[in-house]
Amino acid sequence: MSLAREGTATTPPGDSQLTVRVEPDGTGGAVVVLAGEVDLDRATDVRDVLFSALRSSPRVTVDLAAVTFCDCAGLNALLRARLEAMESGADGIRRFRIHGMSGQVARLLDLTGTRPYFPDCADPEGAGHDRQ
């Protein structure tokens, strides 16, 4: 997966399906849009993209609305990026936020008790109703 400041990177054929886009947010920050599966095979790539965005942007928003699967390795990448943002200076919690998340991501955050670490993330529509 290539790590571009802005653009799209996808996994090679045969790997778990993940698309990553890094876009400007219009105010000097970056939006990292993840779509597909964030699993053990792709978590390091996701972490690298998030760290790269944090190094080059004052704010990073991660859009997880199109994530269809996320395991603990993917969650670890998100938590490490959050920690990196917090360690990088004042107001670190506002430097890294989640906006939009799929029901699968919401369930993972709830099951692991990590949702409070991402206070900006809105509950996905209907996520509270379809959990099993």
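Read-outs: derived from the displayed coordinates by stated rules, not from any lab. All of these numbers come straight from a predicted model, not from anything done at the bench. Using ideal geometry, Cβ is built from the backbone for each residue, glycine included, and neighbour counts are taken over all protein chains shown.
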Pop a pseudo-label 7 angstrom from the Cα along the beta-carbon direction at both Leu79 and Asp41 and give the gap in nm to one decimal.
2.4
Work out from phi, with θ = phi - 60° and the Karplus expression 6.51 cos²θ - 1.76 cosθ + 1.60, the ³J(HN,Hα) of each residue of segment 64-78, listed in order in whole Hz, and give x for Gly and Pro.
10, 4, 9, 6, 9, 7, 8, 9, 5, 5, x, 4, 4, 4, 5
Quick one: which residues, 5 or more positions from Phe96 or on another chain, have an amide H under 5 Å from its amide H? H modelled 1.01 Å from N in the peptide plane, none for Pro or chain starts.
Val60
Residue-ordered couplings for segment 22-29, obtained by feeding phi - 60° into the Karplus form 6.51 cos²θ - 1.76 cosθ + 1.60 and rounding to whole Hz (Gly and Pro as x), are 10, 10, x, 8, x, 10, x, x
Extension reserve of the Glu87-Asp48 stretch, reckoned as 0.36 nm per residue once the Cα distance is removed:
12.4 nm
Explain nothing, just compute: Karplus ³J(HN,Hα) = 6.51 cos²θ - 1.76 cosθ + 1.60, θ = phi - 60°, for every residue of segment 41-51 in order, whole Hz, x for Gly and Pro.
5, 10, 4, 5, 5, 4, 4, 4, 5, 5, 5
Would you pull out the residues with amide H under 5 Å of Val31's amide H, same chain only if 5 or more places away, H placed 1.01 Å from N?
Glu23, Asp25, Thr61
Plugging the Cβ-Cβ distance of Leu111 and Arg55 into 1/(1 + (r/R0)^6) at R0 = 30 Å yields, to the nearest 0.05, a FRET efficiency of 0.45
